[in-house]
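These notes are about the structure you will find just below.
The values are calculated or read from the model by the stated rules, or taken from the named source; none is laboratory data. None of the values given here were measured: they were computed from a predicted structure. Here the Cβ is made from the backbone with ideal geometry for all residues, glycine too, and neighbour counts use every protein chain on show. Quick note on the areas: whole protein, heavy atoms, side chains included, nothing else; ligands and nucleic acids left out. Shrake-Rupley method; radii C 1.70, N 1.55, O 1.52, S 1.80 Å.
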Amino acid sequence: MKIAVPVDENTQNTNVCVSFGRAPYFLFFDTKTKQTYFVHNSAASSTGGAGIQAAQIIVDNGVDVLLTPRCGEQAADVLIAADIALYKTFSGSAQDNLDAFAADKFSELDDIHAGFHGHGGK
Amino acid sequence: MKIAVLSGKGGTGKTLLAVNLAALAQPAVYVDCDVEEPNGHLYFRPKHIVQKPVCIKIPQVNPTLCNGCRKCVEHCAFNALAYVKDNLLIFDDICHSCGLCSLLCPQKALSEIDKEIGIIQSGRADDVCIHTGILHIGQATGIPIIQNLLLEASSADALTVIDCPPGSACIVMESIKDADFCLLVTEPTLFGAHNLSMVHDLVTLFNKPFGVIINKSIPGANPAETFCKENNLPVLGKIPYDKHLSILHSNGEIAVKHSETYRALFSSLLDAVIKEVRHETAPHS
């Protein structure tokens with residue numbers, strides 16, 4: 001199973017990023033091989049539709065599970081079409097979140113937001 | 001002559017001024033570009049209304065022709081497309097109708113179809129033509145409606161008053177683009193002065209001749225007037241803070257039709273505006 005997490009830095013001890021679409025990097029973790037790698041989020045600097053493009057990156061990396069603090073409607077449309085399960089992170093390090101997920105301590109993300117679309121954060 | 005009435009914030013008196021100027025200047029054209037909540041028509045109560053839909057182009061995919069090359073996904077400047085599990089997903093609300101995807105598609109799998117985003121209503125009250133743009137609820141942008149509206153309302157001889165949406169964003173830029181003159185409405189508050197400064201920046205950027213009208217003017221401290229003095233903005237007139245005027249307007253009445261006092265007040269404003277427009281738009285030799 002492959003897990004993705006939006007993160008602030010491309011280092012092992014990075015924190016989870018508060019944003020999904022505009023996270024600087026994505027962390028990918030393969031539970032079988034225990035391999036971790038990072039991908040720069042090219043959507044982070046786009047003027048619009050960042051969530052859609054970011055979701056495309058997640059899909060193209062063959063992810064099964066996304067751990068994220070939040071997710072917009074349109075990004076969720078892409079992720080759900082790809083049958084990717086969404087789980088809500090807690091603030092703190094990506095590793096703590098991955099460990100908690102492995103220990104089955106997570107609840108599914110059900111508060112998909114309508115998106116900001118140029119109107120700033122809520 | 002096209003005069004755009006704008007302000008940085010809502011509730012300063014754009015519609016009050018625009019409606020009364022148009023009612024005085026007959027023959028006139030009144031254009032309501034505040035497409036998210038147009039209310040100018042409530043004052044004029046136009047008759048013989050003709051309605052036209054406003055559509056934008058959005059891409060549609062023929063799944064049997066699409067081979068998943070993803071050229072469209074990669075090149076869309078707005079990220080309006082995604083490709084998941086052999087399916088192309090199209091996000092209408094993000095699409096800017098640029099047409100690039102259907103142009104690029106090597107399989108000719110993408111075509112453009114019409115999507116209705118709003119309507120334009122045109123009618124008449126006395127010698128005023130009233131054009132109203134109405135954006136459908138839930139649509140992302142009213143800009144295409146304003147473009148169509150200004151085209152529809154184009155008049156060679158009558159005075160055209162463009163009632164703009166509040167603020168200084170793209171939707172306002174579109175509304176003032178063809179205006180000969182911009183009338184900035186403000187109020188004597190700090191908030192009013194701050195927002196006046198923003199629309200002043202906008203009209204300066206667009207190189208538009210402009211003048212300021214101070215609404216709800218009261219004796220004493222007037223941050224908007226101070227801003228005008230400090231920055232050499234021409235104040236063309238003031239509308240005093242007046243409860244009766246406010247009540248008339250709130251009841252959907254056109255003030256100049258109800259009282260000689262208001263007729264005189266708005267006539268002097270219209271004269272000042274026309275004089276300034278002639279002066280500002282005259283060719284400099």
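Structure summary
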quantity: Enumeration of residues in region B:59-82 that are more than 7 Å from chain A (Cβ to nearest Cβ) and in a strand (DSSP E or B); calculated: B:Pro59, B:Gln60, B:Val61, B:Leu81
quantity: Breaking point among (1) in contact with a His (Cβ under 9 Å, 6 or more places away or on another chain); (2) farther than 22 Å from B:Ala140 by Cα, for A:Ala81; calculated: (1)
quantity: Enumeration of residues in region B:228-243 that are farther than 15 Å from B:Gly13 by Cβ and open to solvent by 40 Å² or more (accessible area, probe 1.4 Å); calculated: B:Lys229, B:Glu230, B:Asn231, B:Asn232, B:Pro234
quantity: Top-ranked residue in region A:61-79 [being in a helix (DSSP H, G or I) and either within 9 Å of chain B (Cβ to nearest Cβ) or in contact with a helix residue (DSSP H, G or I) (Cβ under 7 Å, 6 or more places away or on another chain) (or both); ranked as most open to solvent (accessible area, probe 1.4 Å)]; calculated: A:Asp77
quantity: Criterion: in contact (Cβ under 8 Å) with a residue 60 or more places away in the chain and either hydrophobic (A, V, I, L, M, F, W, C) or crowded, with 18+ Cβ neighbours inside 10 Å (or both) - qualifying residue of A:Phe20, A:Phe26, A:Phe101; calculated: A:Phe101
quantity: Residues being closer than 11 Å to B:Ala28 by Cα and either open to solvent by 10 Å² or more (accessible area, probe 1.4 Å) or not hydrophobic (A, V, I, L, M, F, W, C) (or both) - total across region B:141-153; calculated: 0
quantity: Every pair of residues 6+ apart whose Cβ atoms lie under 6 Å, when the first sits in region A:55-68 and is at positive phi and touching a residue at least 40 places away in the same chain (Cβ under 8 Å) while the second is assigned to a strand (DSSP E or B) and surrounded by fewer than 21 Cβ atoms within 10 Å (Cβ to Cβ); calculated: A:Gly62/A:Lys2
quantity: Tally of residues being assigned to a loop (DSSP other than H, G, I, E, B) and at the interface with another protein chain (Cβ under 7 Å from one of its Cβ atoms) across region A:44-60; calculated: 3
quantity: Evaluation of B:Ser155 against (1) within 23 Å of B:Ile274 (Cβ to Cβ); (2) in contact with a strand residue (DSSP E or B) (Cβ under 6 Å, 6 or more places away or on another chain); (3) not in a loop (DSSP other than H, G, I, E, B) (one fails), failing number; calculated: (3)
quantity: Positions within region B:83-100 being more than 30 Å from the chain's Cα centre (by Cα) and either within 9 Å of chain A (Cβ to nearest Cβ) or not in a loop (DSSP other than H, G, I, E, B) (or both), in sequence order; calculated: B:Tyr83, B:Val84, B:Lys85, B:Asn87, B:Leu88, B:Leu89
quantity: Failed condition for A:Glu9, given (1) touching a helix residue (DSSP H, G or I) at 6+ places or on another chain (Cβ under 9 Å); (2) open to solvent by 50 Å² or more (accessible area, probe 1.4 Å); calculated: (1)
quantity: Test: B:Val50 is of a type in the set (Val, Ile, Thr) and either in a loop (DSSP other than H, G, I, E, B) or open to solvent by 40 Å² or more (accessible area, probe 1.4 Å) (or both); calculated: yes
